[in-house]
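Chemist: Structure provided below as structure tokens; questions to follow.
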Amino acid sequence: MTVTSSAAELTCGLGGGAPPHVALVGGKAAGVDRLARAGFRTPQGFSVTSVAHRAYRDSTGIATRFQELRARLPDEDARVELAALAHAGPFPEELTAALAEQLDLLRDAAPAGARLAVRSSATDEDAQRASFAGAHESVLGVELELDAVEAAVRTCWASLWSAGAVAYRHHRALGYAAEMAVLVQRLVEASASAVAFTKDPVTGSTREVVVAATDGLGEGIMAGGDDALTFRVDRNTRALIEVDGPRGPWPLSIGDVNRLVDVVLDVEHMYGSPVDVEAAFEEEVWTLVQARPITT
């Protein structure tokens, strides 16, 4: 079956041109695009749009089955089969060509040996009503090659129907009509990573900014790993209120933490509400990977 979607509908650059709609690129990519347009430092990247996911379903002849299974959710057998449909057949030619073009642009701008972060960006995530933190997949360290990126995109598509994502939608009565876009960015080869909250996610206090930091890419921070070091910093004075976590060399200095606090408070001002921000520390500079309103 042929697909008539244009390359511009299947993939979308971020940070330039007309701002993309969240229904096209998903909440995560829309947030990154917003940060880039506001002048915050973000990794170069692009979105594999929700149109691309639908084009794949049409080209492989699974669209009808997809709708039938989605109507049965949260049935577990339907959920498992929906996830498996991400591997039902080849990508349509138009999508493969659009991906190859975007990867060429990244390759031209990236340093030698650059790798990618390929991250789910569902159309209903990172919103005021629902964050979906940790419910969908991210694939880090992906080679800047077409086959590797296609495999990572399939992983992200399948995670729209992860057990956690379906349970989250069911619990919050969100329904199951969301589509999955995918965010593809240069991986920041971080010496340290952090998640910063401008409202304490446990107490709700806005007196301090809470920064959970760890060495390297920080894959365990959002999953509640016990290797994270938590800093609580007074938002007005930047005084360190508390440090909690494992002993040993800190991955960051207090000055490094306060520079991140400055940035995330600027992000909060842009959003007009408390936010949580994921950031990576590379060569003494913070790069923002994600930002979203705090929903709890």
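Only the coordinates and a few stated rules stand behind these numbers; no lab work does. As the structure is a computational prediction, the values presented were derived from the model and not from experiment. Note: ideal-geometry Cβ built from the backbone for every residue, glycine included; neighbour counts use all protein chains shown.
Chemist: Taking 8 Å as the Cα distance limit and 6 or more residues as the minimum spacing, I'd like the relative contact order of the chain as a percentage. Numbers along the way, then the final one.
Modeler: Details: 602 pairs, mean separation 58.9, N = 296.
For the chain, the relative contact order is 20 percent.
Chemist: If I stretch the segment between SER191 and ALA112 completely, what's the gain in nm (0.36 nm per residue apart, minus their alpha carbon distance), one decimal? Can you show the working numbers first?
Modeler: On the way: separation 79, 0.36 × 79 = 28.44 nm, distance 1.82 nm.
That pair, SER191 and ALA112, stretches by 26.6 nm at full extension.
Chemist: For the chain, what does the helix formula give at 222 nm: sum of -39500 (n - 2.57) over DSSP H segments with n ≥ 4, over the residue count, nearest 500 deg cm²/dmol?
Modeler: Values: 9 runs with 107 residues, N = 296.
Helix-only estimate at 222 nm: -11000 deg cm²/dmol.
Chemist: Taking the beta-carbon count within 10 Å as an exposure proxy, list MET180, MET270 from fewest neighbours to most.
Modeler: MET270, MET180
Chemist: Rounded to the nearest 20 debye, what is the charge dipole size of the chain about its Cα centre when +1 sits on each Lys and Arg Cβ and -1 on each Asp and Glu Cβ?
Modeler: 800
Chemist: Choose one of VAL48, LEU265, VAL285: the residue whose Cα lies farthest towards the positive end of the charge dipole of the chain (beta-carbon charges +1 Lys, Arg; -1 Asp, Glu; about the Cα centre).
Modeler: Of the candidates, LEU265 comes out farthest on the positive side.
Chemist: Based on the Kirkwood radius over alpha-carbon pairs, what is the Stokes-Einstein translational diffusion coefficient of the chain at 37 °C with 0.692 mPa s viscosity, in µm²/s? Don't skip to the answer; put the middle values down first.
Modeler: On the way: Rh = 19.7 Å.
Roughly 166 µm²/s, to the nearest whole number.
Chemist: Cut-off is 10 Å between beta-carbons; in what order do LEU160, LEU187 appear when sorted fewest neighbours first? Numbers along the way, then the final one.
Modeler: Working: LEU160 29, LEU187 21.
Listing LEU160, LEU187 from fewest to most nearby Cβ atoms yields LEU187, LEU160.
Chemist: What order do you get for THR60, THR230, THR203 when you list them from fewest to most C-beta neighbours inside 10 Å? Provide the component values of the computation, followed by the final result.
Modeler: Working: THR60 18, THR230 15, THR203 10.
Ranked by crowding around the Cβ, least crowded first: THR203, THR230, THR60.
Chemist: Assuming a ≥ b ≥ c are the square roots of the Cα gyration tensor eigenvalues, decide whether the range 192-293 counts as rounded (a/c under 1.5), prolate (otherwise, with a/b larger than b/c) or oblate. Provide the component values of the computation, followed by the final result.
Modeler: Details: a/c = 1.39, a/b = 1.26, b/c = 1.10.
Here the range 192-293 falls in the rounded category.
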